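Engineer: Dropping a structure here in structure tokens format, bear with me for questions.
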Amino acid sequence: MVKLQEVEDEAFTDKPTPSKHDALLVSDDEDDYSDTDSEISDASDDEVEEETLADRLAALKDIVPPSARRSVASSISSITSFGKASLAFSGKALWIISTSAFLIGVPWALAYAEEEQYIQMEREQGMIKGANEMLTPGSEPEKKESQQIL
């Protein structure tokens, strides 16, 4: 069985003697009495100065109850796993779309360019025929040659 015993601080047990006017905390030798002047408060000031921001943030962990810590940790874990999965999916989708564009788009672009080239050649030939007809009006050499052969 555990027995508890109260231990009083020496600073509280040694009270200053009353002065000539029976005023408490006033003495003839001008010594100030204060319970805040202790070794503990001096030591804690040094520790606070040496403490880093990471140490302070780590100490905040004890303020949050374990159930809340678990729920925050699980929500952060689910958000990160969702983020990783969405990045993986978008990367795979981008790969599929880009390779499909190359496999379908490049041959289509080449065929389109070739077709445009043929159209341009037909236009040039039509311009040449039109220029020949302007130089020799009224004569149709192709029809006359085809009629003579028949």
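The values are calculated or read from the model by the stated rules, or taken from the named source; none is laboratory data. Here the structure is a predicted model, which means the values were calculated and not measured. Cβ: placed from backbone, ideal geometry, glycine included. Neighbour counts: every protein chain shown.
Engineer: Tell me, which helices (runs of 4 or more DSSP H) wholly within the stretch 1-79 include 1 or more residues that are over 57 Å from the mean Cα position of the chain (by Cα) and either of a type in the set (Gly, Ala, Ser) or at pLDDT 85 or above (or both)? Give the derivation first.
Structural biologist: Values: elements: 10-13, 39-50, 53-59.
The helices (runs of 4 or more DSSP H) meeting that bar number zero.
Engineer: Given the criteria out of contact with any Cys (no Cβ under 8 Å at 6 or more places or on another chain) and modelled with pLDDT under 95, does residue 87 qualify?
Structural biologist: Working: out of contact with any Cys (no Cβ under 8 Å at 6 or more places or on another chain): yes; modelled with pLDDT under 95: no.
Here the answer is no, as residue 87 does not meet what is asked.
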